[in-house]
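Participant: Take a look at this one; I'll ask things after.
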Amino acid sequence: MDIKSSRFALTVLTVAFWAWVVAYAWFQWLPRAQYTIAFVGLSVLVYLLHEYTELEADDRQLLQMAGLSVLAVVTIVTTVYLYGNYNTLVTTRVGYALYYEEALAAVFTIGMIYLTYRSFGLAFVSVLLFAIVYGYFGNYFPGVLVHGGFSTTRILNIMVLEINGFYGELSEIIAAWVALFLLYAGLLKAYGAFDLIIRAAFRTATLVKSGVAQSAVVASLVIGSINGSQTANAAMTGSFTIPLMKSSGLKSETAGGVESVASTGGQIMPPVMGAAAFVMASLLGIAYIDVVIAGLVPAAIFFLSVAAGVHYTWIAQSGESDLDVTDHVDEVKSQSQLLVEGFTFAVPLVVLIVLLGVLQWTVMTSALYTVITMIAFGVGVPVVSATLRDSQTVAGTLKTKAVETVEGFRYGAVILAPIAIIIAAVNGIVDVLVSTGIPGILSLMLMDLSGGVMVVAVVLAMVICILLGLGMPTVAAYSLVALLIAPTLITEFAIPDLAAHYFVLYAAILSGITPPIAIAVVVTAGIAESNFWTTCLEAIKLAAPLYVLPFAFVYNPEIVVGGFTTATMFSGALALLGAVYIIHGLNYYERAFATGRATNAGIRVVFVALGTIAMVAPVRLVQVGALALGTVLYLAQTSAWRRTSAPTSD
């Protein structure tokens, strides 16, 4: 099949894929696990066909093309067999497999290992392979890690044939809940919502001096919350915002750092939170709206502190000059046209909020009606506008919007496919490890290493979460740590469930900007043509409060637990001020305060320490005292700057 034919086939497949997803959301005539079998199979086929279209038809690529074709056949056969024999596999033959079923499961597992490697690299596939090796050779591991070991049949049953593993609970959540939101994201992009967000963000650049960089933060936060991937967000918005930030005077490494931090922050922004909010609600057995409400104050702390850091950085590097952004904003469109576009995209979002937050419909049904509303308004509003302007343009507008709708289907499926693959892999890892008892072992190890001291335990837990994050999509990273790390924090240290899950969520996404993984920085440094390590340093300086905020959830859980209470607002305000002091300490412009390098370093350390205490300390008096000391130091610093910068008389 040539490339042109494969692209057409991909379009047809994505339309069929979304027809299947929407039909299930509407009728729900199948057990969810059986539906998930078809969902995972179709997602793999979308990924394979998309990868096929990206290859060039030459001798160097023929082997890859052949391999992808073989994997497609294996996926189709496995999916059809499991789907058709679902009732038998989950009822009468649990724990037992026929020889040809084992062979089919083994080949499909090898294929999933390869696809995981192809999508997310060696680091993550190493975790998947370790889970399989640990399950099989458990009797050879030392100390508390030892277990009886699983047979090949047992591992293949866990991974494939018992409709767990690749098709387990996490995959079901993606299939039933998250998929429709990625269709929504695809339609938003196809209809021009992301372009509108970026234009609106850059229009605000005239309001503040650091507006160009701030607009990058706003655009990345909004888009990142929807698309659920730091790397995709960094590539999508960074290709536009990073060159503009460099043109406005920011250094390459700073522009890359700003975009990577903003792309990471988008994953914690309600209402979607990179799709992690839906998984969290399911795992905790609480309403989705409760998860969103819990995330509002931390998201505000992050956004405002990063905005302060960006402003400091821009003042330091760009001075009083700024880029004229009007050349980069679509000024041709009238105000009324922009309002119409805003209305088109606002209505589906309002529908989503009302259905989920007010009426409290199920996530799947709410997402379904949001998608339907998006298509109705995405096509209907432009057609009505064309009718009012010139009836002769209606047919052309309708054709254009139909093409955009199909493009939205394709884009949503292409974004979803690798996420579905890695979630299937995570599900397989978790099911094998849970079967070995590893969560209990991790709990014992964490308790042993920490000596039962909570502060040591949570520091170790954060390190583990960052390592397990491995640059994965947000929902995959969160799912892994939520099932392996959060239970220890809850059972051994009595941390409230919601606080523990927010802790591991925030910690896991930090892998995107934490070296040596820092996958978001890899992308932005490439776009900015900057050094990876210096870009990481700039990102960490801006995102420093994000490394402290998870500890605030542990020691001041009212920030995320209990809704909007007085205690929540007060603790959130203290944490915000502490975050601003950390940002000030790391990012203030040294030449503004004419002191020696050693003195400046000492001042920075003091600000960071006081800000950290204000965010984390469990005693109110200590928090307020730290903020008071920080205020005194800031006033003294400002006073010294005024004296040194005042004009002298002859």
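Participant: Output the number of the condition that G408 fails; it satisfies all remaining conditions of (1) touching a Phe, Trp or Tyr at 6+ places or on another chain (Cβ under 6 Å); (2) open to solvent by less than 30 Å² (accessible area, probe 1.4 Å).
Facilitator: (1)
Participant: Among the numbered conditions (1) of a type in the set (V, I, T); (2) open to solvent by less than 60 Å² (accessible area, probe 1.4 Å); (3) under 25 Å from V133 (Cα atoms); (4) free of Cβ contacts under 8 Å to residues at least 60 places away in the same chain, tell me where V44 comes up short.
Facilitator: Condition (4) is where V44 drops out.
Results for (1) of a type in the set (S, T, Y); (2) modelled with pLDDT of 85 or more; (3) open to solvent by 20 Å² or more (accessible area, probe 1.4 Å), shown as yes or no for each residue.
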{"site": "K399", "(1), (2), (3)": "no, yes, yes"}
{"site": "I423", "(1), (2), (3)": "no, yes, no"}
{"site": "V426", "(1), (2), (3)": "no, yes, no"}
{"site": "P439", "(1), (2), (3)": "no, no, yes"}
{"site": "L460", "(1), (2), (3)": "no, yes, yes"}
{"site": "G471", "(1), (2), (3)": "no, no, no"}
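Participant: Select from the range 580-606 the residues that are at pLDDT 90 or above, open to solvent by less than 50 Å² (accessible area, probe 1.4 Å) and farther than 21 Å from P298 by Cβ and list them in ascending order.
Facilitator: none
Participant: Is there any pair linking a residue in the range 525-547 that is at positive phi to one that is part of a helix (DSSP H, G or I) and of a type in the set (S, T, N, Q), with Cβ under 9 Å and at least six apart or on different chains, and which?
Facilitator: E529/S252
Participant: Run L82 past the list (1) at pLDDT below 95; (2) in a helix (DSSP H, G or I); (3) surrounded by 16 or more Cβ atoms within 10 Å (Cβ to Cβ) and report the number of the one that doesn't hold.
Facilitator: For L82, the failing item is (1).
Participant: What number of residues in the range 10-39 are open to solvent by 10 Å² or more (accessible area, probe 1.4 Å) and among the β-branched types (V, I, T)?
Facilitator: Number of matching residues: 4.
Participant: Can I ask one more? For the range 184-204, which residues satisfy the criterion of being of a type in the set (A, V, I, L, M), modelled with pLDDT under 85 and buried (at least 21 other Cβ atoms within 10 Å of the Cβ)?
Facilitator: A185, A193, I197, I198, A201
Participant: Let me ask you something else. With respect to T514, determine if the residue is in contact (Cβ under 8 Å) with a residue 12 or more places away in the chain, farther than 17 Å from F124 by Cα and polar (S, T, N, Q).
Facilitator: no
Participant: Looking only at the range 311-348, which residues are modelled with pLDDT of 85 or more and under 30 Å from Y502 (Cβ atoms)?
Facilitator: Hits for the range 311-348 are F345, A346, P348.
Participant: Among the residues of the range 495-509, is any in a loop (DSSP other than H, G, I, E, B), closer than 26 Å to G611 by Cβ, touching a helix residue (DSSP H, G or I) at 6+ places or on another chain (Cβ under 6 Å) and not basic (K, R)?
Facilitator: yes
Participant: Determine the pairs where a residue that is acidic (D, E), located within the range 287-308, has a partner that is open to solvent by 10 Å² or more (accessible area, probe 1.4 Å) with Cβ atoms under 9 Å apart, the partner being 6 or more residues away or on another chain.
Facilitator: Pairs that qualify, where the first residue is acidic (D, E) and the partner is open to solvent by 10 Å² or more (accessible area, probe 1.4 Å), are D290/L284; D290/L498; D290/G563.
Participant: If I ask for residues that are surrounded by fewer than 17 Cβ atoms within 10 Å (Cβ to Cβ) and assigned to a helix (DSSP H, G or I), which ones from the range 91-101 would you list?
Facilitator: Passing the criteria: T91, T92, Y99, Y100.
Participant: Also, quick follow-up: Which is at pLDDT 90 or above, in a helix (DSSP H, G or I) and open to solvent by 60 Å² or more (accessible area, probe 1.4 Å), of V74, V107?
Facilitator: Only one candidate qualifies: V107.
Participant: Taking the range 127-149 as the search range and keeping residues that are part of a helix (DSSP H, G or I) and of a type in the set (A, V, I, L, M), which one is farthest from D431 (Cα to Cα)?
Facilitator: So the residue we want is V144.
Participant: While we're on this one: Pull out all pairs, ordered by first then second residue, where Cβ-Cβ is under 8 Å, the residues are six or more apart or on different chains, the first lies in the range 448-467 and is under 14 Å from Y555 (Cβ atoms), and the second is β-branched (V, I, T) and assigned to a helix (DSSP H, G or I).
Facilitator: M454/V554; A457/T488; V458/V554; A461/T488; A461/V504
Participant: What is the number of the single condition among (1) buried (at least 24 other Cβ atoms within 10 Å of the Cβ); (2) at positive phi that T254 does not meet?
Facilitator: Tallying (1) buried (at least 24 other Cβ atoms within 10 Å of the Cβ); (2) at positive phi, T254 fails exactly one: (2).
Participant: Please pick out the residue among V406, V434, V430, V426 that is hydrophobic (A, V, I, L, M, F, W, C) and farther than 20 Å from A476 by Cβ.
Facilitator: Only one candidate passes the filter, namely V406.
Participant: Please identify the pairs in which a residue from the range 235-246 that is closer than 11 Å to A216 by Cα and of a type outside the set (S, T, Y) has its Cβ atom under 9 Å from the Cβ atom of a residue that is outside any helix (DSSP H, G or I) and modelled with pLDDT under 80, counting only partners at least 6 apart or on another chain.
Facilitator: Pairs found: L244/L323; M245/L323.
Participant: T488 versus (1) open to solvent by 10 Å² or more (accessible area, probe 1.4 Å); (2) in a helix (DSSP H, G or I); (3) within 30 Å of L574 (Cα to Cα); (4) among the hydroxyl-bearing types (S, T, Y): which is the lone unmet condition?
Facilitator: All conditions pass for T488, except number (1).
Participant: Then there is this: Mind checking which residues of the range 607-616 are within 20 Å of P557 (Cβ to Cβ) and surrounded by fewer than 20 Cβ atoms within 10 Å (Cβ to Cβ)?
Facilitator: Within the range 607-616, no residue meets the criteria.
Participant: When you scan the range 263-305, how many residues do you find that are part of a helix (DSSP H, G or I) and open to solvent by 30 Å² or more (accessible area, probe 1.4 Å)?
Facilitator: So the first thing to find is which residues in the range 263-305 are part of a helix (DSSP H, G or I), and the list is 263-268, 273-284, 288-305.
Checking which are open to solvent by 30 Å² or more (accessible area, probe 1.4 Å) leaves us with 282-284, 289-290, 293, 296, 300, 303-304.
Residues meeting the conditions: 10.
Participant: Would you confirm whether or not the range 156-165 contains a residue that is touching a His at 6+ places or on another chain (Cβ under 6 Å) and not charged (D, E, K, R)? Spell out the reasoning first.
Facilitator: Step one: list which residues in the range 156-165 are touching a His at 6+ places or on another chain (Cβ under 6 Å), which gives none.
So far as the range 156-165 goes, no, none of its residues is touching a His at 6+ places or on another chain (Cβ under 6 Å) and not charged (D, E, K, R).
Participant: OK, next. Based on what the data block shows, is V297 within 15 Å of the chain's Cα centre (by Cα) and among the β-branched types (V, I, T)?
Facilitator: So V297 does not fit the description; no.
Participant: Follow-up question, since we're still on this one. Considering every residue within the range 512-519, establish whether at least one is open to solvent by less than 10 Å² (accessible area, probe 1.4 Å), of a type in the set (S, T, N, Q) and either at pLDDT below 95 or within 17 Å of M273 (Cβ to Cβ) (or both).
Facilitator: No.
The values are calculated or read from the model by the stated rules, or taken from the named source; none is laboratory data. These numbers were taken from a predicted model, which means no experiment stands behind them. Cβ sites come from the backbone with ideal geometry, for glycine too, and all protein chains shown count toward neighbours. Side chains are part of the model used for accessible areas, which takes the heavy atoms of the whole protein and leaves out ligands, DNA and RNA. Shrake-Rupley method; radii C 1.70, N 1.55, O 1.52, S 1.80 Å.
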